[in-house]
Amino acid sequence: MQKQRLKQLQLDQPTPIKQSSAYRKFYDEQFVILQQQYPKRTTEELIKLIKLKWKAKERMNTHKYFQKNGFVNINDTERVPVPQPPPPVMTIFQKQMRQHLEMTHPEYNGTQIDRTIKFEWGSNSALKEKAANEYKKLRQEFENQKKEFIIKYGFWPQHKKHQGEQVKQIQNTSYQPNPLVQLLNKKVKYE
């Protein structure tokens, strides 16, 4: 009895309206547009066109929030440069020292410059502090640019992880050691 009442009550209540999927919304919009553009085409042909457009749009959306070579795709036509973080303190120090050494000692070659930079990094704390202050200034500029980018576009692009080919390590199951090594090992054991 109770089950019948519950069923009756459920039938009387209106069912909640399901939200349509993104594809369904896209399909509805595109179907109307394509019917107007191509009135002589059949429904099946229009559906195939819509599927092709959807796949192209999906491909574009997979690239949307990732930066590539310092740029990010905002929409189909617009590419925007992404603010880049500053280099580490050591890199700033090397750049400053390299410029200074190339001006003061033009006779130094690359290895002599690198050795001098390495020595100065370990001993000269004043130059290190100057590079650290430069880094802090550049970092603050980057943080401000990042905030402006997020406010303007509503997201921060990520770096896409490359799915490069992984090197397959071939393990040789039929490993045979060198016969001379085996003889030497036997002689060492006997002695």
inquiry  = Could you derive backbone 3J(HN,Hα) for the stretch 119-131 from the dihedral phi with the Karplus parameters 6.51, -1.76 and 1.60 (θ = phi - 60°), listing whole Hz in sequence and x where the residue is Gly or Pro?
reply    = 5, 5, 4, x, 10, 9, 6, 5, 5, 5, 5, 4, 5
remark   = For Ile47, the accessible surface traced by a 1.4 Å probe with all protein chains present amounts, in square angstrom to the nearest 10, to 50 Å²
ask   = How much accessible area per residue does the stretch 31-134 have, in Å², with a 1.4 Å probe?
value = 74 Å²
note = Sequence order, the stretch 137-151: Karplus ³J(HN,Hα) from phi using 6.51 cos²θ - 1.76 cosθ + 1.60, θ = phi - 60°, Hz rounded, Gly and Pro as x, gives 5, 5, 5, 5, 4, 4, 4, 5, 5, 5, 4, 4, 5, 5, 5
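The values are calculated or read from the model by the stated rules, or taken from the named source; none is laboratory data. All values reported here derive from a predicted model rather than from experimental measurement. All accessible areas refer to the heavy atoms of the entire protein, side chains included, with ligands and DNA or RNA removed. Shrake-Rupley method; radii C 1.70, N 1.55, O 1.52, S 1.80 Å.
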